Amino acid sequence: MNFHCFQRSFSPASSSYQSPLVPVNLPSPMETHFWFVLPDQIRSSSLMNRYSELLSPCEKDHVLSMRGDQLRKSALLARALVRTTIARYVDQTNSLVDPKSLKFRKNSYGKPEVDWENADWQPAPLHFNISHTSSLIACGVTVDAQIGIDVEEKARKIKSHVLAFARRYFSSHELEHLSAITNPEIQRQEFMKLWTLKEAYVKALGRGFSAAPFNTFTIRFRPVIPKGEIRVLKDTDKKASEIIVESFDDPNILTSNWQFALMELDGSHYAAICMEKAKLVEGKEPLPLRLSVRRTIPFVEDECITGTNML
């Protein structure tokens, strides 16, 4: 997998200084742009009010329905992040679209998507997906390819025993993999990585969790061996492996057309990306997944993250 990042665009850190959104070129084929916000870094009430002004009446009602200030803040930032991120890419006679003007709809399974039906220009074929915890909110963007993302706190505690939880939700192969790990903390971390990857895959399918239960497919790490090279790799050698999915229900359709990335963000979160593979051109090798990561405070600063740890 190739890792790539934007040039840095920076405004003074004080959120009292606000600037226009910085336009961004569309992702290239097999590239994901991954944007994230750290809610604790946003403390300005004037900035939060500006974000609130971007939302539709339904979105505002949803935010207000949240119980507690922290949940309301997270809900507001999630919607503001989606709107400001999508608006960066949409070019209308060389000018950015107002984030407030964007409209959204859900597919038949409830996955959100941009509603371009009434647009008076030819929009870019953008796909996006969001995920958030109480301490990090993320939005992934691709062109002409379905995407699913998930973020989880590395320190997240599991209420029941890891293996008991895995027996309920994971496949027999994944349970066997976790059972072989004797260190409880490493076992918990591996569980969280698998959970994050599985959730990203289900969200990329866009059919809802009931249509793709976690125990109906397996996440595996398959060795990647360059052409002309013979190498023996263990199943757990992730640095030289690619992540694949094996479905028990429909192995021919659901397993061959997805690529995954797993990374560590801000030293505190796992993030997984599942992206639909680009259509193969005869005589050409499939493109590897490329990833661009940026931390943002919309209207204040955007920063390329170069130290992201790929797992």
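One residue is enough: does the range 86-96 have a residue meeting the conditions in a loop (DSSP other than H, G, I, E, B), at pLDDT 90 or above and either exposed (fewer than 14 other Cβ atoms within 10 Å of the Cβ) or in contact with a Lys or Arg (Cβ under 6 Å, 6 or more places away or on another chain) (or both)? No: zero hits.
Each row is one residue, and each column tells you yes or no for (1) open to solvent by less than 50 Å² (accessible area, probe 1.4 Å); (2) at pLDDT 90 or above; (3) within 20 Å of the chain's Cα centre (by Cα).
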position	(1), (2), (3)
L194	yes, yes, yes
Y201	yes, yes, yes
L205	yes, no, yes
E229	no, no, no
K234	no, no, no
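Hey, any hits in the range 179-192 for a residue that's assigned to a loop (DSSP other than H, G, I, E, B), open to solvent by 20 Å² or more (accessible area, probe 1.4 Å) and modelled with pLDDT under 90? No, there is no match, as no residue in the range 179-192 is assigned to a loop (DSSP other than H, G, I, E, B), open to solvent by 20 Å² or more (accessible area, probe 1.4 Å) and modelled with pLDDT under 90.
Checked against the criteria, K277 counts as surrounded by fewer than 18 Cβ atoms within 10 Å (Cβ to Cβ), farther than 14 Å from K198 by Cα and either at pLDDT 80 or above or β-branched (V, I, T) (or both). Scanning the range 118-160 for residues that are more than 16 Å from K193 (Cα to Cα), of a type outside the set (F, W, Y) and in a loop (DSSP other than H, G, I, E, B) yields a total of 15. On the given criteria, is A145 without any contact (Cβ under 8 Å) to a residue 12 or more places away in the chain and open to solvent by less than 60 Å² (accessible area, probe 1.4 Å)? For A145, the condition - without any contact (Cβ under 8 Å) to a residue 12 or more places away in the chain and open to solvent by less than 60 Å² (accessible area, probe 1.4 Å) - is not met.
Tallying residues that are hydrophobic (A, V, I, L, M, F, W, C) and surrounded by 15 or more Cβ atoms within 10 Å (Cβ to Cβ) within the range 37-75 yields 9.
Looking across the range 106-130 at every residue that is of a type outside the set (A, V, I, L, M) and either under 19 Å from V63 (Cβ atoms) or at pLDDT 90 or above (or both), the one that is most open to solvent (accessible area, probe 1.4 Å) is identified as K106.
Which ones in the range 203-222 are under 16 Å from A261 (Cβ atoms) and not charged (D, E, K, R)? Selection gives A204, I219, F221. Within the range 243-269, residues that are within 14 Å of A204 (Cβ to Cβ) and among the polar types (S, T, N, Q) have Cβ atoms under 8 Å from residues that are exposed (fewer than 14 other Cβ atoms within 10 Å of the Cβ) and at pLDDT 90 or above in no pair, counting only partners at least 6 apart in sequence or on another chain.
The values are calculated or read from the model by the stated rules, or taken from the named source; none is laboratory data. What you see is a predicted model, and the numbers here were worked out from it, not measured in a lab. Neighbour counts run over all protein chains shown; Cβ positions are idealised from the backbone, glycine included. Side chains included, ligands, DNA and RNA excluded: accessible areas come from the protein's heavy atoms. Shrake-Rupley method; radii C 1.70, N 1.55, O 1.52, S 1.80 Å.
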